[in-house]
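Values in this text are rule-based calculations from the coordinates and carry no lab data. None of the values given here were measured: they were computed from a predicted structure. Here the Cβ positions follow ideal geometry from the backbone for every residue, glycine too, while neighbour counts run over all protein chains shown.
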Amino acid sequence: MSDYWDDWQREALVAGVAAPLATLGMEVLRAHRKNRWPKEFLGREDDGPHMLTMCLEEPAETELFFIENLYPYDTALIESTKVRLGLA
């Protein structure tokens, strides 16, 4: 039996999302559930379809968004991600 974040990751990969981005999205869903983030934060199970659309339509921006949400205090990671993705 798998958790919904694992199911989402498999669905994202089948839909054509790059593996690293699918893993980040899965981590957002898992972190939301495990940390009991407020419903205002992206990452509820119901957010899965929207997150998939984000990944497919704006992969670079979505990767940065996921990084910022998972590691909000890691400014070096956020900045290097911006540079790597050409969003700096």
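In the set (1) 14.8, 48; (2) 12.6, 41; (3) 12.5, 37, which value of Rg and Dmax of the Cα atoms in Å was calculated from the structure you see?
(2)
Over the chain, what relative contact order in percent results from Cα pairs under 8 Å that are six or more residues apart?
Computed value for the chain: 25 percent relative contact order.
Over what distance in Å are the Cα centres of region 1-41 and region 46-63 separated?
11 Å
Restricting to DSSP loop positions (anything but H, G, I, E, B) with no more than 14 other Cβ atoms inside 10 Å of their own Cβ, which trypsin sites (Lys or Arg not before Pro) remain in region 1-63?
Sites meeting the loop and neighbour criteria: Arg36, Lys39.
For Glu45 and Ser2, calculate 0.36 nm times their separation in residues minus their Cα-Cα distance, and state this gained length in nm to one decimal.
In short, 14.1 nm is gained.
Between beta-carbons, use under 10 Å as the cut-off and find the net charge around Glu45, counting Lys and Arg +1, Asp and Glu -1.
-2
Could you grab the Rg to Rh ratio for region 37-88? Cα atoms only, Kirkwood for Rh.
Rounded to two decimals, Rg/Rh equals 1.01.
Using a/c under 1.5 as the rounded threshold, could you call region 6-57 rounded, prolate or oblate? The axes a ≥ b ≥ c are square roots of the C-alpha gyration tensor eigenvalues, and prolate needs a/b larger than b/c, oblate otherwise.
Here region 6-57 falls in the prolate category.
Tell me, what ³J(HN,Hα) does each residue in region 2-17 have, in order and in whole Hz, if you take phi through Karplus 6.51 cos²θ - 1.76 cosθ + 1.60 with θ = phi - 60° and put x for Gly and Pro?
Rounded to whole hertz, the list is 10, 8, 4, 6, 5, 4, 4, 4, 4, 4, 5, 4, 5, 6, x, 6.
Multiply the residue separation of Ala19 and Thr53 by 0.36 nm, subtract the distance between their alpha-carbon atoms, and state the gained length in nm to one decimal.
My answer for the length gained is 10.7 nm.
7 Å from Cα along Cα→Cβ at both Lys82 and Trp37: what's the point-to-point distance in nm?
Once both label points are built, they end up 1.9 nm from each other.
Let's see if you can work this out: charge +1 on each Lys and Arg Cβ, -1 on each Asp and Glu Cβ, no other charges. What is the dipole magnitude of the chain about its Cα centre, in debye to the nearest 20?
In total the dipole reaches around 240 debye.
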